[in-house]
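Asker: Questions regarding the structure given below will be posed in turn.
The values are calculated or read from the model by the stated rules, or taken from the named source; none is laboratory data. Everything numeric here is computed off the predicted structure, so don't read it as measured data. Counting neighbours? That spans all protein chains shown, and the Cβs are built from the backbone with ideal geometry, glycine included.
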Amino acid sequence: MSLTKKGVLANGSVTIAENAYLHIPRKECPGLNIRGPQAQVSLLAWVRRGLKSTTPHECEAIAGMWNETQRKRQYCLFLNIRLHGSSDQVCGHISGIGGPTVGEKWCVDVSIGKSPVLLDEWTFVAMTYDGQQIRSYHNGRFDAHEGRNPYAYPQGIFDGGEDGSDFTVGAVHRLGQIGNDFCGDLSGLAVFDRALTDQEISHIHQAYPLPQSERVQVLASGLAFPEGPVFAKDGSLWGVELQGQSLVQFQNGQLKRYHVGGKPNGLALHKNGELWFCDAEKNAVRAFDPATGLTKTLLEQVDGKPLNAPNDLAFDQSGNLVFTCPGDSRQQPTGYVAVLAIDGTARIIAQGLYFPNGLAFSADGKQLFVAETYRHRIWKGGWEQTTCQWTDANVWAQVEGPAGPGGPDGLAMGEDGNLYVAVYGTGKIQVINKLGKVSHALALPGHNPTNCAFDPAGNLGLVITEAQQGQLLTYRSSLKGIIS
């Protein structure tokens, strides 16, 4: 662990690394040993959540008296308990029996808020228990979540006796060892032996304002409908100008254009260093060689017919190219998804779609996601690299789209296991969790985000192309691209 001079309380914080934690032996903290059938408790913390190797599937313990191994659970403030379709939220755990909930493998008596606790952002999190209900709070506000917060629990708090749980910070004892790590910064922690009111928690939040940071910054402006961000092996950022007939390179703060003609749309980096792109005007998949400045046409037909306004594309781990052809399928389901295999053959693998658009592979390459813009939904199916088959494809997520034209456009898979969706017409990147639910949204200055990509080096975070204002944006994040 390390101490820093940045934080919320007294301008300081402790950085808790993965597999690290703090603890106070039970005998040394009698004031924290809150227990009994009439007991009440409030636990407040100021945290900046970081990414850890198990973030997508493991809960994160902030602090409390909670020993699952010895069945000595009392109370604990958690994040990211993945129950009932939830993830990333503030969770207040209380146990009146010490062991798992009757009939369950784990203790599931927990209040789960609705708002996600974002990575790399200071957040005030809290829980209270008044002997009847557990309540979770997010940034000074009771974070109501129907059926989950508040959570009725009149059983009181378990008395662990002399050999009960220690008070731990950043982890709890479970499965015979310390786990459920919290990874990030902790600037303050407070425990009360009574349930604070909503007004008291709001007042505390106002008394200790959170540091504000500008997450969205403009990298470049004056672009003619930018699309298709992708990072090259040298760290430079590339994109296209759909209405500018050009590919663009952003490197060292400078923007350089390469005229290729047509209407370049999606962009993907081939393992040989070439930039392959869809051309919606020439109805072709083309390639640009940065080393020579030359372009060539790779594909113009599929199943004996001309390509129908190809839009976006992505390589799988074997080098097969999957691409979408929406054509004019806004009103009729005539759009399709096709593949150009490494042996040079091309065929349609899915059809009957309303404007298929962005696409992305999962981190392991075994799942393929496709955005269907004019139905405001995301499809997901298995991907067989050897046979180039998209199997068991079904609607996986509904996306909150605009009332008029637009909807889910480009996609990017984050190393946190979430799918980041540029939703054209809304001014937002919507974040979809592993369960296919919209977790939260990232607000942008422009109304028409077209695509997004994570920087594999982690320097620029999530890069976004925005067409209304013609900008290349960065949303600062510690997340990196899953495929370099």
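Asker: Can we say Ala397 is outside any loop (DSSP other than H, G, I, E, B), touching a Phe, Trp or Tyr at 6+ places or on another chain (Cβ under 7 Å) and in the same structural domain as Asp343 (by TED's automatic domain parsing)? Lay out the reasoning, then the answer.
Answerer: Values: outside any loop (DSSP other than H, G, I, E, B): yes; touching a Phe, Trp or Tyr at 6+ places or on another chain (Cβ under 7 Å): no; in the same structural domain as Asp343 (by TED's automatic domain parsing): yes.
For Ala397, the condition - outside any loop (DSSP other than H, G, I, E, B), touching a Phe, Trp or Tyr at 6+ places or on another chain (Cβ under 7 Å) and in the same structural domain as Asp343 (by TED's automatic domain parsing) - is not met.
Asker: When residues of the range 130-157 are filtered for being more than 27 Å from Trp46 (Cβ to Cβ) and in contact with a Gly (Cβ under 6 Å, 6 or more places away or on another chain), how many remain?
Answerer: Residues that pass the stated criteria total 2.
Asker: Here's a follow-up. Lys263 fails exactly one of the following numbered conditions: (1) basic (Lys, Arg); (2) in contact with a Leu (Cβ under 6 Å, 6 or more places away or on another chain); (3) under 24 Å from Leu444 (Cα atoms). What is the number of that condition?
Answerer: (3)
Asker: Only residues in the range 371-382 that are farther than 10 Å from Leu359 by Cα count as the first member; pair them with residues that are among the hydrophobic types (A, V, I, L, M, F, W, C) and assigned to a loop (DSSP other than H, G, I, E, B), Cβ under 7 angstrom, at least 6 apart or cross-chain, and list the lot.
Answerer: Thr373/Phe355; Tyr374/Phe355; His376/Val399; Arg377/Val399
Asker: Any idea how many residues of the range 51-68 are surrounded by fewer than 24 Cβ atoms within 10 Å (Cβ to Cβ), closer than 26 Å to Arg141 by Cα and more than 25 Å from the chain's Cα centre (by Cα)?
Answerer: 0
Asker: In the list Gly261, Gly293, which residue meets the criterion of being on the phi > 0 side of the Ramachandran plot, in contact with a Ser or Thr (Cβ under 9 Å, 6 or more places away or on another chain) and either at pLDDT 95 or above or not polar (S, T, N, Q) (or both)? I'd like the intermediate steps shown before the answer.
Answerer: Details: Gly293 fails: in contact with a Ser or Thr (Cβ under 9 Å, 6 or more places away or on another chain).
Selected residue: Gly261, the only one of Gly261, Gly293 that is on the phi > 0 side of the Ramachandran plot, in contact with a Ser or Thr (Cβ under 9 Å, 6 or more places away or on another chain) and either at pLDDT 95 or above or not polar (S, T, N, Q) (or both).
Asker: May I ask you to verify whether Asn320 is more than 23 Å from Ala412 (Cα to Cα), more than 25 Å from the chain's Cα centre (by Cα) and polar (S, T, N, Q)? Before the answer, list the steps.
Answerer: Working: more than 23 Å from Ala412 (Cα to Cα): no; more than 25 Å from the chain's Cα centre (by Cα): yes; polar (S, T, N, Q): yes.
Criteria not met by Asn320.
Asker: A further question on this structure: Which of the residues spanning the range 443-467 are more than 19 Å from Ala314 (Cα to Cα) and part of a loop (DSSP other than H, G, I, E, B)? If you could, list the steps in order and put the result at the bottom.
Answerer: Start the filter on the range 443-467 by keeping residues that are more than 19 Å from Ala314 (Cα to Cα), which leaves 443-448, 457-461, 466-467.
Scanning the range 443-467 gives Leu444, Pro445, Gly446, His447, Asn448, Ala457, Gly458, Asn459, Leu460, Gly461, Ala467.
Asker: Looking at this structure, is Ile62 in a loop (DSSP other than H, G, I, E, B) and at pLDDT 95 or above?
Answerer: Numbers: in a loop (DSSP other than H, G, I, E, B): no; at pLDDT 95 or above: yes.
Spelling it out, it is not the case that Ile62 is in a loop (DSSP other than H, G, I, E, B) and at pLDDT 95 or above.
Asker: Additional query: What do you reckon, is Glu214 assigned to a loop (DSSP other than H, G, I, E, B) and within 30 Å of Asn451 (Cβ to Cβ)?
Answerer: Working: assigned to a loop (DSSP other than H, G, I, E, B): yes; within 30 Å of Asn451 (Cβ to Cβ): yes.
Yes.
Asker: Is it true that Asp234 is among the charged types (D, E, K, R) and either farther than 26 Å from His138 by Cα or in a strand (DSSP E or B) (or both)?
Answerer: Working: among the charged types (D, E, K, R): yes; either farther than 26 Å from His138 by Cα or in a strand (DSSP E or B) (or both): yes.
So Asp234 passes the test.
Asker: Let me ask you something else. Which residues, counting only those in the range 298-332, are in contact with a strand residue (DSSP E or B) (Cβ under 7 Å, 6 or more places away or on another chain) and not in a loop (DSSP other than H, G, I, E, B)? Let's see the steps before the verdict.
Answerer: First, the residues of the range 298-332 that are in contact with a strand residue (DSSP E or B) (Cβ under 7 Å, 6 or more places away or on another chain): 298-300, 302-303, 307-316, 320-327, 329.
Within the range 298-332, Leu298, Leu299, Val302, Leu313, Ala314, Phe315, Leu321, Val322, Phe323, Thr324, Cys325 qualify.
Asker: Of the residues Gly244, Gly253, Gly222, which is modelled with pLDDT under 95 and small (Gly, Ala, Ser)?
Answerer: Working: Gly244 fails: modelled with pLDDT under 95; Gly222 fails: modelled with pLDDT under 95.
Result of the check over Gly244, Gly253, Gly222: Gly253.
Asker: Another question about this same structure. Somewhere in the range 244-256, is a residue among the polar types (S, T, N, Q), touching a His at 6+ places or on another chain (Cβ under 8 Å) and touching a residue at least 12 places away in the same chain (Cβ under 8 Å)? First the steps, then the outcome.
Answerer: At the first step, the residues of the range 244-256 found to be among the polar types (S, T, N, Q) are 245-246, 249, 251-252, 254.
Keeping just the survivors that are touching a His at 6+ places or on another chain (Cβ under 8 Å) gives 245-246.
Subsequent filtering for residues that are touching a residue at least 12 places away in the same chain (Cβ under 8 Å) retains 245-246.
Yes, because at least one residue in the range 244-256 is among the polar types (S, T, N, Q), touching a His at 6+ places or on another chain (Cβ under 8 Å) and touching a residue at least 12 places away in the same chain (Cβ under 8 Å).
Asker: Among the residues of the range 414-422, is any at pLDDT below 95, within 12 Å of the chain's Cα centre (by Cα) and not in a loop (DSSP other than H, G, I, E, B)? Can you show your working first?
Answerer: Kept after step one, since they are at pLDDT below 95, are these residues of the range 414-422: 414-418.
Checking the rest, the ones that are also within 12 Å of the chain's Cα centre (by Cα) come to 414-418.
Next cut, not in a loop (DSSP other than H, G, I, E, B) only: 414.
The answer is yes, given that some residue of the range 414-422 is at pLDDT below 95, within 12 Å of the chain's Cα centre (by Cα) and not in a loop (DSSP other than H, G, I, E, B).
Yes or no, residue by residue, for (1) buried (at least 18 other Cβ atoms within 10 Å of the Cβ); (2) under 23 Å from Ser362 (Cα atoms):
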site: Gly273; (1), (2): no, yes
site: Lys282; (1), (2): yes, no
site: Pro290; (1), (2): no, no
site: Ser329; (1), (2): yes, no
site: Leu340; (1), (2): yes, yes
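Asker: Determine, yes or no, whether Val337 is part of a strand (DSSP E or B), in contact (Cβ under 8 Å) with a residue 40 or more places away in the chain and among the hydrophobic types (A, V, I, L, M, F, W, C). Step through it out loud before you land on a result.
Answerer: Details: part of a strand (DSSP E or B): yes; in contact (Cβ under 8 Å) with a residue 40 or more places away in the chain: yes; among the hydrophobic types (A, V, I, L, M, F, W, C): yes.
So Val337 fits the description; yes.
Asker: Exactly one of (1) farther than 24 Å from Gln469 by Cβ; (2) more than 25 Å from the chain's Cα centre (by Cα) is unmet by Leu210. Its number?
Answerer: That leaves (2) as the condition not met.
Asker: Restricted to the range 69-92, and to residues that are buried (at least 23 other Cβ atoms within 10 Å of the Cβ) and more than 24 Å from the chain's Cα centre (by Cα), which residue is nearest to Trp46 (Cα to Cα)?
Answerer: First, the residues of the range 69-92 that are buried (at least 23 other Cβ atoms within 10 Å of the Cβ): 73-81, 87-92.
Going one step further and asking which of them are more than 24 Å from the chain's Cα centre (by Cα), we end up with 73-76.
Working: Arg73: 23, Gln74: 21, Tyr75: 18, Cys76: 15 Å.
Checked the range 69-92; the qualifying residue nearest to Trp46 (Cα to Cα) is Cys76.
Asker: List the strands (runs of 3 or more DSSP E) inside the range 89-173, counting only whole elements, that have at least 2 residues being modelled with pLDDT of 95 or more and within 27 Å of Lys437 (Cα to Cα).
Answerer: Numbers: elements: 89-94, 110-116, 122-129, 133-138, 167-169.
Output list reads 89-94, 110-116, 122-129, 133-138.
Asker: Taking only the range 1-50 into account, find how many residues are surrounded by 18 or more Cβ atoms within 10 Å (Cβ to Cβ), assigned to a loop (DSSP other than H, G, I, E, B) and under 28 Å from the mean Cα position of the chain (by Cα).
Answerer: 4
Asker: Going by the conditions given, is Phe355 at positive phi, within 30 Å of the chain's Cα centre (by Cα) and buried (at least 20 other Cβ atoms within 10 Å of the Cβ)?
Answerer: Working: at positive phi: yes; within 30 Å of the chain's Cα centre (by Cα): yes; buried (at least 20 other Cβ atoms within 10 Å of the Cβ): yes.
Yes.
Asker: Taking the range 67-80 only, how many residues are in a loop (DSSP other than H, G, I, E, B) and either of a type in the set (Ser, Thr, Tyr) or farther than 22 Å from Gly131 by Cα (or both)?
Answerer: Taking the range 67-80 and keeping what is in a loop (DSSP other than H, G, I, E, B), we get 68-71, 80.
So of that shortlist, the ones also either of a type in the set (Ser, Thr, Tyr) or farther than 22 Å from Gly131 by Cα (or both) come out as 69-70, 80.
Residues that pass the stated criteria total 3.
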